1. For segment 210-317, list the strands (runs of 3 or more DSSP E) that sit wholly inside it and hold at least 1 residues that are hydroxyl-bearing (Ser, Thr, Tyr); which are they?
2. Just to be sure before I move on: is Ala211 out of contact with any helix residue (DSSP H, G or I) (no Cβ under 7 Å at 6 or more places or on another chain) and within 30 Å of Asp129 (Cα to Cα) in the structure I sent?
3. Under the condition of being β-branched (Val, Ile, Thr) and touching a residue at least 40 places away in the same chain (Cβ under 8 Å), which residue from segment 150-177 is farthest from the ligand (Cβ to nearest atom)?
4. Filter segment 99-136 for residues that are assigned to a loop (DSSP other than H, G, I, E, B), of a type outside the set (A, V, I, L, M, F, W, C) and either within 12 Å of the ligand (Cβ to nearest atom) or within 23 Å of Leu195 (Cα to Cα) (or both) and give the result.
5. For the structure I just gave you, tell me whether Val256 is crowded, with 16+ Cβ neighbours inside 10 Å, within 15 Å of the chain's Cα centre (by Cα) and not aromatic (Phe, Trp, Tyr).
6. What's the number of the only condition in (1) in contact (Cβ under 8 Å) with a residue 60 or more places away in the chain; (2) surrounded by 18 or more Cβ atoms within 10 Å (Cβ to Cβ); (3) closer than 22 Å to Leu38 by Cβ; (4) away from the ligand (no atom under 12 Å from the Cβ) that Tyr147 fails to meet?
7. Mind listing just one residue for me: the one in segment 178-198 that is crowded, with 21+ Cβ neighbours inside 10 Å and within 12 Å of the chain's Cα centre (by Cα) and, of those, farthest from the ligand (Cβ to nearest atom)?
8. Kindly indicate which of Leu271, Leu299, Leu309, Leu240 is in contact (Cβ under 8 Å) with a residue 24 or more places away in the chain, more than 24 Å from Ala82 (Cα to Cα), buried (at least 21 other Cβ atoms within 10 Å of the Cβ) and not polar (S, T, N, Q).
Amino acid sequence: MQQLRQIADVYLADELDYHELKSATLVFKRYLQELTTLDLGNNVYRKDIHLTAGLAVATEWAVRCVDDLERTKRFIKGTAEAVREVLRRRHGPVQLLYAGTGPYATLVLPLLSVFNPQQLQLTLVEINDQSYRSILHIFAQPAFAPYLREIMQADASTLKLTEPEVYDILLSETMQNTLKREPQVAITVNLLQQLRSDALLVPQSIVVELAAMDIRYRAMIGVQEPIALGALMESSRQGLAEQISLNTAELTFPEVSLKISDEALESKYSLALTTEIHVFGTQYLRFNKSGLTIPDLILSPDDRTNKDLTFRARYELRPEPGIVWSIG
Ligand SMILES: C[S@@+](CC[C@H](N)C(=O)[O-])C[C@H]1O[C@@H](n2cnc3c(N)ncnc32)[C@H](O)[C@@H]1O
């Protein structure tokens, strides 16, 4: 636990020092590899699962998420802030439901060196067989077992909880940039339909926007500020209020229509989908800071036939989750 505490201290630091974060991530990965015995060269760890709600990534890709440095830091620190917020409201243990843990329960494991089992209890849900077995193995160990309420191998997008009222926090990172392909939205709606209305959500909100970006200099994408043209989808308690209240598995999302004038775009601008994540409390994953917030360029200036245009978009879960758009 002492080594985990040193790793946690870097993830929980207020300042983000990339050099320090990179070294701590290497130590964390070595620590995780020693905890389990995953033979990642084996093809069995590379089998994604295609659910009706989206793609559940195989163990090897889930392992690699740790390397998305700022993502991992913001999510761990944001989750710690959510736990502290519940502890400020009442005595522990805080009941945290973690949907899509991967093989290491990466986003909570360092926190077990910071909170004790009287403060934090975990319910872990994972669909992938190898990842599930790995967390079973980790949480059978004496240092981690006292934190465990339950481990379930289940599809979190359809799972019916037996005691939904006990949970204080829902944590899930089952997404790609622009909320495409993976089942983050379906999982969030399914579980928030069952949890108490004061249960906290991590990430607190994920917003996908249409933006104009100058892509003449591709290298500039990391440094330029996209010009926001309008929100297309928001995954948050508020943004999903209608779907949460409906209590149905058949989810539909409203169409968004944006009129964009030629002046607003200018000839050099491309259209892009951007993603911003408010993880929790003080923690945000801003534009292009992580694989989860890189832009998707969807239309180059040359492909824009109309000068003034109407952009229509709707988030759809099938055949694969994502923003479906058209231009008129
Ligand atoms: C992107 S990985 C993230 C792993 C880990 N939480 C992290 O942040 O490093 C997503 C994990 O969620 C699991 N997952 C995806 N959809 C799921 C579902 N519907 N029910 C349960 N687990 C799911 C995948 O199998 C994968 O292990």
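Where a number appears in this text, it was derived from the coordinates with a stated rule and is not lab data. Keep in mind it's a predicted model, so treat the numbers as computed, not measured. All Cβ positions, even for glycine, are placed from backbone atoms using ideal geometry, and neighbour counts span all protein chains on display.
1. 227-236, 256-260, 269-280, 283-285, 309-316
2. Judged against the criteria, Ala211 is not a match.
3. In the first step, residues of segment 150-177 are kept if they are β-branched (Val, Ile, Thr); the result is 151, 158, 162, 166, 169, 174.
Keeping just the survivors that are touching a residue at least 40 places away in the same chain (Cβ under 8 Å) gives 158, 166, 169, 174.
Values: Thr158: 8, Val166: 19, Ile169: 14, Thr174: 4 Å.
It comes out as Val166.
4. Of all residues in segment 99-136, those assigned to a loop (DSSP other than H, G, I, E, B) come to 100-108, 114-119, 127-128.
Now narrow it down to the ones that are of a type outside the set (A, V, I, L, M, F, W, C): 100-104, 106, 116-119, 128.
Hits for segment 99-136 are Gly100, Thr101, Gly102, Pro103, Tyr104, Thr106, Pro117, Gln118, Gln119, Asn128.
5. On the way: crowded, with 16+ Cβ neighbours inside 10 Å: yes; within 15 Å of the chain's Cα centre (by Cα): no; not aromatic (Phe, Trp, Tyr): yes.
Here the answer is no, as Val256 does not meet what is asked.
6. Status for Tyr147: all satisfied but (1).
7. Thr178
8. Numbers: Leu299 fails: buried (at least 21 other Cβ atoms within 10 Å of the Cβ); Leu309 fails: buried (at least 21 other Cβ atoms within 10 Å of the Cβ); Leu240 fails: more than 24 Å from Ala82 (Cα to Cα).
Every option except Leu271 fails the conditions.
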